Amino acid sequence: MERTGAQIVWESMLLEGIDVIFGHPGGAILPTYDALPQYPIRHILVRHEQCAAHMADGYARATGKVGACIATSGPGATNLITGLATAMMDSVPIVAVTGQVPTSMLGNDAFQETDVTGVSMPVTKHNYLVTDVKDLAEVMAEAFYVARTGRPGPVLVDICKDVQNDSTEFQYPEKLSRPGLHKMPEFNPADVSAAADLMNAANKPLFMVGHGVQMGGAEQELLALVEKADIPVVTTLLGLGAIPETHPLVLGMSGMHGEAATNHAVQECDVLIAVGMRFDDRVTGRLDEFAPRAKIVHFEMDPSEIGKNVSPDLAVLGDCKQTLGALVPQVENIRHPEWRGIIQGWQEETYRLDIADQEVDELIPPFVMRQLWHVTGGDSLIVTDVGQHQMWEAQYFTHERPRQLLTSGGLGTMGYGMPAAMGAKVGMPDELVWAVVGDGGFQMTLQELGTIAQEQIAVKIGIMNNGFLGMVRQWQQLFYDKRYAGTPILSPDYVKLADAYGIPALRVTSNDEVAGAIKQANEYDGPFLVEFRIKEEVNVYPMVPAGANVGQMIRRPEPAIVQGYSGVKPSW
């Protein structure tokens, strides 16, 4: 059947299961927009293209599907770049379609022309410039194939305007074969057996779990291993939720702001089994002193990650669901009471220094996070921005299931939280979705309140307003002698701002208002904003300074105030 290039874009999207796309129109992509009403695909008009990529990212992380976004040429296309880089760092599958100037004008510095394939090359898994309509269907099919095959990632398809208008016979490839593309490697059974031998001989074994477990759907295999071999588990930030945090063997997040017990366990263990994680510097600290006593086993699907930062003693390549599944029958049913007793001692120290036992009268963000967990019953999908609140969420909201926490782990993109939460809510309309953001990051993308209002996307927004770019201020306090250059930030009246968009909102200034505000937001049938006016100078502890090993943490000071000023010991 004869189709225009514009029609081929949407026909391809439908065949790939796309029913929603986030975007912003412009001249070079107008033919494709003109064809859109012919197809049952929901278009969500964003206020800035960066947010279109973040929404597609949130949609993909929440649903496990490929997210899609669309923009015009030049500034529209380059505005996508931060969102694509965010997805690339965290291995999120997105297909981005951009318009380009006509083929006859390529290289002429035409109006709104940018070499977006060149610009996006370092931050996409692959990209394409389409200059012939006969290539378009195969390119679209390949784009989706690349985005979801092997280690997922973002793919960009740049289509010249005349290609969108041209016509050709539409034949969508039923099956693609791309031997040169990076597929999932087949695992070697001998490697799995060697890993089992190391685990069976260990006295202080430890699992370190990353995002790859959730991407591979290996949660059940991981849980079976942990319970059978009695091995404690620490996670990366993106690994939270891969195993229920209430499980007695789960210690929590490790790394720069990991709990002290988790970091001590990493430095003390004799076998470290890393699964689906890439040894990011926020996790390892100083590389030459990382896990110094451990034999390291790395389960990974991407060969390029093996030895990139940490050279393992044994690498097990392959789909982690398959490799962990093959490992289960080979590990012995062993108990490690001495090792778990050592860890328990570290945990008791952590509890003693917890801010929960030091202050109760002023509104502090850990209290808000804990209340969010209590009031929602832990049954909410949380999308955070980047900064202190992101770490407090990781520490004080207990994650019980995969894909419950969506956050920018690799790139650390401020402004990610609210648009990604919008994408997640669109993809998972029956989920309660909270965007937890700081006052700094929220102001980077708050224009999307207009999109929320127009599309009635029922996200709940919790702003942690402390009047600072909080995490940068914390670094200035600890390492720059409190010289707060550029970090105090003025906010608008968020309640009035939300009201201007027709979104109900509340301001919370005291502890006793927190639970009621969260409950009111949860029960409202639509978007809702809550501004929490939190104490200004609260720090995230522990903290591993740059250049230190993860055992060299700055700890919370010994509690001078065991109880709050009111004398009421907190029960949360």
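The values are calculated or read from the model by the stated rules, or taken from the named source; none is laboratory data. Quick caveat, the model's predicted, so the values are computed rather than measured. FYI the Cβ positions are ideal-geometry reconstructions off the backbone, even for glycines, and counts take in every protein chain you see. With ligands, DNA and RNA removed, areas are computed over all heavy atoms of the protein, side chains included. Shrake-Rupley method; radii C 1.70, N 1.55, O 1.52, S 1.80 Å.
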* Criterion: among the hydrophobic types (A, V, I, L, M, F, W, C), open to solvent by less than 10 Å² (accessible area, probe 1.4 Å) and over 25 Å from the mean Cα position of the chain (by Cα) - qualifying residue of V550, V514, V495 -> V514
* Return the only residue of D191, D158, D197, D166 being over 32 Å from the mean Cα position of the chain (by Cα) and touching a residue at least 60 places away in the same chain (Cβ under 8 Å). => D166
* Has region 445-459 got any residue that is free of Cβ contacts under 8 Å to residues at least 24 places away in the same chain and either of a type outside the set (S, T, Y) or open to solvent by less than 20 Å² (accessible area, probe 1.4 Å) (or both)? -> no
* Return the total of residues in region 416-437 being open to solvent by 10 Å² or more (accessible area, probe 1.4 Å) and out of contact with any strand residue (DSSP E or B) (no Cβ under 8 Å at 6 or more places or on another chain). => 2
* Considering only region 1-51, state which residues are of a type in the set (A, V, I, L, M, F, W, C), out of contact with any His (no Cβ under 6 Å at 6 or more places or on another chain) and under 30 Å from M414 (Cα atoms). => M13, I18, V20, F22, A28, I29, I41, I44, L45, C51
* **helices (runs of 4 or more DSSP H) lying entirely in region 344-435 (those with 3 or more residues that are out of contact with any Lys or Arg (no Cβ under 6 Å at 6 or more places or on another chain) and modelled with pLDDT under 95)** => 365-375
* Asked: Looking at V146, is it under 16 Å from R3 (Cα atoms), touching a strand residue (DSSP E or B) at 6+ places or on another chain (Cβ under 9 Å) and surrounded by 16 or more Cβ atoms within 10 Å (Cβ to Cβ)?
  -> no
* Restricting to region 424-446, what's the tally of residues that are farther than 21 Å from L372 by Cα and touching a helix residue (DSSP H, G or I) at 6+ places or on another chain (Cβ under 8 Å)? -> 4
* **In region 213-239, the residues that are open to solvent by less than 10 Å² (accessible area, probe 1.4 Å), of a type outside the set (S, T, Y) and touching a Gly at 6+ places or on another chain (Cβ under 8 Å)** => V213, A218, V234, G239
* **Flag for V250 being open to solvent by 10 Å² or more (accessible area, probe 1.4 Å), in contact with a strand residue (DSSP E or B) (Cβ under 9 Å, 6 or more places away or on another chain) and not acidic (D, E)** => yes
* So, of the residues in region 108-129 that are out of contact with any Ser or Thr (no Cβ under 7 Å at 6 or more places or on another chain) and acidic (D, E), which turns out to be farthest from I81 (Cα to Cα)? -> D109
* **Matching residues, region 229-244, being touching a residue at least 40 places away in the same chain (Cβ under 8 Å) and closer than 23 Å to V331 by Cα** => A229, D230, I231, P232, A242, P244
* To do: Working only within region 87-105, note down all residues that are closer than 23 Å to A6 by Cα and either surrounded by fewer than 24 Cβ atoms within 10 Å (Cβ to Cβ) or not aliphatic (A, V, I, L, M) (or both).
  => P93, T98, G99, Q100, V101, P102, T103, S104, M105
